[in-house]
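Engineer: Mind having a look at this structure? Questions to follow.
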Amino acid sequence: MARDTGFPDADARTDFERSRRRASIAKIAAWVRRQPDDVNDVLPYDEVVGAVGVVTERSLGLQVIPLAQIVGSVDRTRDFDRRFRPRSPAMRARWQRLAAAQRRGEAMPPIEVKKVGDMYFVIDGHHRVSIAFARGFDTIDAYVTEVVTRVGADGIAVRSDLLMKDHRRLFLERVPLAGEARDRIRMNNAWAYSELAESVEAWGFRLIQEAGEYLSREQVTQRWYDDEFSPVVEMARDAGIMESSTDAEVYMFVACERYRLVRRHVWSPEIIDEVSGRTRKPWQPGQFF
């Protein structure tokens, strides 16, 4: 990194030019490494909360937050890259003016952000965040509003990750699991959540028909988890079926194979033995019965 000259305007100009070069280098590096097209994009707040679902918001007041966890924006996703480097030379004038003022020791007001999980999304103060990144700061003062979501925001790195979160949220709306049961249902393919939801709802319909009484979605979900999912997965695990797959993927594979074998929604040790002798490749969406 070049040394500061001690002249705020000149150093601010150098900061901007360096930040722009790094943005270009990062874009080329992502292409060379064949990384996803959106790996250097600022995450869009609306798309993230649309995928994970909003429950409520609460003010956390003024805090010191880590710059590394500022990954998104509420309304300026095209102006900066993932590390808030300017994408356009048109931003130069204001950027350099603020950077020079900061170098002269002028106080900068706190930025405003929304917090989703461990991620922060800028509402106001994009240039201040960009300058802080360019100067190698670790933290920044911010007024924080925390957003409580329906599903956890962990695992979101790029926009393409939002599809998985969106399908998981929709699944949990249709199959309202809670606690350990909720955490246990994981798929590695986003579309598999919709097929599992169809399976649970079909199972619930048969249960209601057999019981001859109305059961709420919550009651059906708990019965399915206790009487169907858990015993089937336990039998499949004991038989060594798809050991590297998630419990939910194991359940879907075994359930599909079971119906192909006997054309009935019943379970027995013989069925598990028969299924375990068939193909062990992971279940794929589209095999739904």
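The values are calculated or read from the model by the stated rules, or taken from the named source; none is laboratory data. On a predicted model such as this, the values are computed, not experimentally measured, just so you know. Reconstructed Cβ throughout: ideal geometry from the backbone, glycine too, with neighbour counts over all protein chains shown.
Engineer: Name the pairs whose Cβ atoms lie under 6 Å apart, with the first residue in segment 88-99 and assigned to a helix (DSSP H, G or I), the second among the small types (Gly, Ala, Ser), and 6 or more positions between them or separate chains?
Structural biologist: Qualifying pairs under 6 Å: Gln96/Ala12; Ala99/Ala12.
Engineer: Which residue is farthest from Ala142 (Cα to Cα), if the candidates are limited to segment 46-72 and must be in a strand (DSSP E or B), at pLDDT 95 or above and not aliphatic (A, V, I, L, M)?
Structural biologist: Out of the qualifying residues, it is Thr56.
Engineer: Could I ask something else about it? Would you check if Arg150 is surrounded by fewer than 22 Cβ atoms within 10 Å (Cβ to Cβ), within 30 Å of Leu196 (Cβ to Cβ), out of contact with any Ser or Thr (no Cβ under 6 Å at 6 or more places or on another chain) and in contact (Cβ under 8 Å) with a residue 12 or more places away in the chain?
Structural biologist: yes
Engineer: Look through segment 230-246, keep the residues that are free of Cβ contacts under 8 Å to residues at least 40 places away in the same chain, assigned to a helix (DSSP H, G or I) and touching a Phe, Trp or Tyr at 6+ places or on another chain (Cβ under 8 Å), and return whichever of them is farthest from Leu207 (Cα to Cα).
Structural biologist: Met235
Engineer: Given the residues Arg186, Arg169, which is the only one that is touching a residue at least 24 places away in the same chain (Cβ under 8 Å), within 27 Å of the chain's Cα centre (by Cα) and assigned to a loop (DSSP other than H, G, I, E, B)?
Structural biologist: Answer to the selection: Arg186.
Engineer: Applying the selection to segment 96-117, what residues are within 31 Å of the chain's Cα centre (by Cα) and surrounded by 13 or more Cβ atoms within 10 Å (Cβ to Cβ)? Can you show your working first?
Structural biologist: Start the filter on segment 96-117 by keeping residues that are within 31 Å of the chain's Cα centre (by Cα), which leaves 109-117.
Matches in segment 96-117: Pro110, Ile111, Glu112, Val113, Lys114, Lys115, Val116, Gly117.
Engineer: Failed condition for Ala202, given (1) hydrophobic (A, V, I, L, M, F, W, C); (2) touching a helix residue (DSSP H, G or I) at 6+ places or on another chain (Cβ under 9 Å); (3) assigned to a helix (DSSP H, G or I); (4) within 18 Å of Glu228 (Cα to Cα), with all others met?
Structural biologist: Against the list (1) hydrophobic (A, V, I, L, M, F, W, C); (2) touching a helix residue (DSSP H, G or I) at 6+ places or on another chain (Cβ under 9 Å); (3) assigned to a helix (DSSP H, G or I); (4) within 18 Å of Glu228 (Cα to Cα), Ala202 comes up short only on (2).
Engineer: Let me ask something additional. Just checking, does segment 208-227 include any residue being free of Cβ contacts under 8 Å to residues at least 40 places away in the same chain, closer than 25 Å to Val55 by Cβ and in a loop (DSSP other than H, G, I, E, B)?
Structural biologist: yes
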